[in-house]
1. So, counting K/R as plus one and D/E as minus one, what does the shell of residues with Cβ under 15 Å around Leu150 add up to?
2. To the nearest 20 debye, what is the magnitude of the charge dipole of segment 195-283 about its Cα centre, counting +1 on the Cβ of each Lys and Arg and -1 on the Cβ of each Asp and Glu?
3. Please state the charge dipole magnitude for the chain, taken about the Cα centre, from unit charges on C-beta atoms (+1 on K and R, -1 on D and E), reported in debye and rounded to the nearest 20.
4. May I ask you to order 116-126, 142-152 by the average number of other C-beta atoms within 10 Å around their residues, highest value first?
5. Return the label of the correct value of volume of the Cα convex hull per residue in Å³, as calculated from the structure shown, out of (i) 181; (ii) 147; (iii) 128.
6. Run through the DSSP bridge list for the chain and note the antiparallel percent, rounded to the nearest 5.
7. With a 1.4 Å probe and every protein chain left in place, work out the accessible area per residue of segment 157-266 in Å², rounded to a whole number.
8. Compute the angle between helix 3-21 and the longest alpha-carbon principal axis of the chain, please, reported from 0 to 90 degrees and rounded to the nearest 10.
Amino acid sequence: MALADTRFSNRRRKLATAMAEERLDDFLVTHLIHVRYLSGFSGSNGAVLLSKDQSAAISTDGRYATQIAEEVPDIDAVITSAITKELLQKLEGPRRVGVESDFVSIEQFKQLEKQCPDEVTLVPISGMIEKIRLVKDNVEIERLTGVAELASQALEDMIAAGEIAAGRTERQVAADLEYRMRLLGAERPSFDTIVASGPNGAKPHHGADDRELQKGDLVTIDYGAHLRGFNSDMTRTVAIGPVDDFAREIYDLVLKAQEAGVRAATPGTSLSDVDEACREIIREAGYDEYFVHSTGHGIGLDVHEAPAAAKTGQGSLEAGMTLTIEPGIYIPGKLGVRIEDTLVITDGKPKNLSTPTKQLREL
């Protein structure tokens, strides 16, 4: 069996084991990210039905007949417009069938119940596949590394070309960065690119507008690339020429906090402690009220996925997990600074996928 097929069947095996703990006979997977995770199918319409004996069926509509045959060679596909009905109608006898309650509305759940044969009971299930996704396999780490390298190169090329400069607008910088990522092979940005200059930097999710970059600005650039299903996420804050002492003080403080978070990201460390490693430094400097979000999140097929490094973060890190470390300080009307790396947790020092320097660059 091909490597990719083995990888997907291994994931289905893990899900079947989790199903047994919930006394499920089958699991209907309709969330497209999870369909892709379990089968490799990347179309925009599809579902997988996995049984406790690890046998599986997959369904999509006629638009994807050729694509699903290429992407999912190890599961026979049902080509139909009624993708969930066709899968559910295959079931016979008393069955408990799990449904992803986080991604199915009440109305959709009712419709699925109508599609079920007699003696089939749908059971709402939350978080089962997400738990399996927490620890990445070697292929996932390879692809995450590749897309992060692509995004890092795009930023370096842009800086070398002098495209982050006074007189250019945030929107122009964002567009050029996304263009460079596509030239390097990205399918699309992994999310809307943030370019927040000067006082706009005080808005963590500012976006990018028509403000022109000015001498003395700090400019926060938060961006990522998407390739073959996987995402990158990185933030760097740069300066347009020399900055004043206050801006440099805030930058150095955020960098110190960010590096403390990176050092804390080791197996066995609680996610709340990783958050506290960053937050403590900012608090002691008197800027705690300006750190207004959590420290980080996992990344993979989703840009934001488990685990979460936050005050309320649950659980501890394990080797193979991913985690961003992205503390920030946002002072309304003045400036903002955020620095973000994406890490892969290992048995030793975490692997940092974000390669551009974190020392303040004055462009």
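The values are calculated or read from the model by the stated rules, or taken from the named source; none is laboratory data. Bear in mind that the values here come from a model prediction, so they are computed numbers and not experimental data. Neighbour counts run over all protein chains shown; Cβ positions are idealised from the backbone, glycine included. Calculation scope for accessible area: heavy atoms of the full protein, side chains included, ligands and nucleic acids excluded. Shrake-Rupley method; radii C 1.70, N 1.55, O 1.52, S 1.80 Å.
1. Details: positive: Arg143, Arg180, Arg182, Arg188, Arg228; negative: Glu142, Glu149, Glu156, Asp157, Glu178, Glu187, Asp233.
Every neighbour counted, the sum reads -2.
2. Working: 10 positive and 15 negative charges, 42 e Å.
It works out to roughly 200 debye.
3. Working: 41 positive and 58 negative charges, 56 e Å.
Taking the Cα centre of the chain as origin, the dipole is about 280 debye.
4. On the way: 116-126: 14.4, 142-152: 20.5.
Highest mean packing first, the order is 142-152, 116-126.
5. Entry (ii).
6. On the way: 38 of 51 bridges.
Among the beta bridges of the chain, antiparallel pairing accounts for roughly 75 percent.
7. 40
8. So the helix axis and the longest Cα principal axis differ by about 70 degrees.
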